[in-house]
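The values are calculated or read from the model by the stated rules, or taken from the named source; none is laboratory data. This one's a predicted model, so the numbers in the text were calculated from it and none came from an experiment. Cβ atoms come from the backbone with ideal geometry, glycine included; neighbour counts cover every protein chain shown. Side chains included, ligands, DNA and RNA excluded: accessible areas come from the protein's heavy atoms. Shrake-Rupley method; radii C 1.70, N 1.55, O 1.52, S 1.80 Å.
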Amino acid sequence: WCYTTDPSKRWDFCDVPSCSTTEPYDAPVAADSNCGPVIDLGGTCDLAALTNALSTSTCTLEELFPGQDAASIASTVAELCEYDAPVQFVEIQGTYQRDHNFMDGGGAVADGEFGFEMDTARLKRFIDNSMDDSLISWPEYEQKEDYNPANGYGDNGYMTNFNIDRDAEKGSCQMNTVMCCFIESAKDALVDNTDVCRHDLSSSPHSNHVNSGWSVFTDDDPAHCVGFTWEDGAASDMYKGNALFYASMYQTVSKGYTGNVPGAPMCACVEQMPVVTEAACVTATGT
């Protein structure tokens, strides 16, 4: 969606073409460098693959990483590979605040700021163009890298809803399980697949801003819950970012599901979620 130059029409659909995957990014290199803009590492991203790729080139590691010693180069390559291999969760919506608001059941989509189709357009583009071929990382954010260590959440950048740091004083994912519960739908009627029993408000203070208390619900309150679990080191661990996207944002775009159980986040590690009778289960696999 784009702004228009028509004073009577603020928004309109603009058919922005997708970037070609065959045209390399023209990275700037020094005039006297032997390094080109693209180095093909094959299917593996690590220092050994880079060194092997350079063995048939006149480009050297020293040219790519000027002023760095061997240990520093190895560390830099590891960081670049860790970041660039999967799709970073924050790239899908663009900012930490959008992700945080969404997972708590708020933000533009839940509020209907510009209408459902416009508010979910960015998510829909990712689903249509990238989801099936992308490995999505577990959500981490620069904004949390200082806050978390200083407040007992561990030396990481995880959102409080999804803190998988088992060594953190306030880690929230000891059970390796995440659940999303929706109570509204912007499309067809919500499929009520569970009964919400109760919620300990003290389990999710970053979402409800309440220190303590309880919410109790009747079986007349419709809700749709979906969740997933993973085993450390298994395939389910590798694809847990994809499972999170599917259980949360994909449900919203494809089915219109929004809204959180009052007092609880919409999506979080199960320790922060309300007690429910059952939930649908999803599994992410790769080929």
Trypsin sites (Lys or Arg not before Pro) in the stretch 160-233 lying in a DSSP loop, each with at most 11 other Cβ atoms within 10 Å of its Cβ, come to Arg166
For the stretch 51-188, the accessible surface attributable to carbon and sulfur atoms (probe 1.4 angstrom, ligands and nucleic acids excluded) amounts in percent to 46 percent
Output ordering of 102-114, 125-137, 242-254 (per-residue mean of other Cβ within 10 Å, highest first) is 242-254, 102-114, 125-137
Cα-Cα longer than 25 Å, checked against Lys170/Lys255; Lys187/Lys240; Lys124/Lys187; Lys124/Lys144; Lys144/Lys255, kept in input order, equals Lys170/Lys255; Lys187/Lys240; Lys124/Lys144; Lys144/Lys255
Row for the stretch 146-287, column shape: gyration tensor on C-alpha, a ≥ b ≥ c, rounded if a/c < 1.5 i.e. under 1.5, prolate if a/b over b/c, else oblate; value oblate
The stretch 109-194 accessible area per residue, 1.4 Å probe, protein heavy atoms, integer Å², reads 53 Å²
P(r) over all Cα-Cα pairs of the stretch 82-170, 10 Å bins from 0 to the longest distance, whole percent per bin, short to long, reads 16, 41, 32, 11, 0
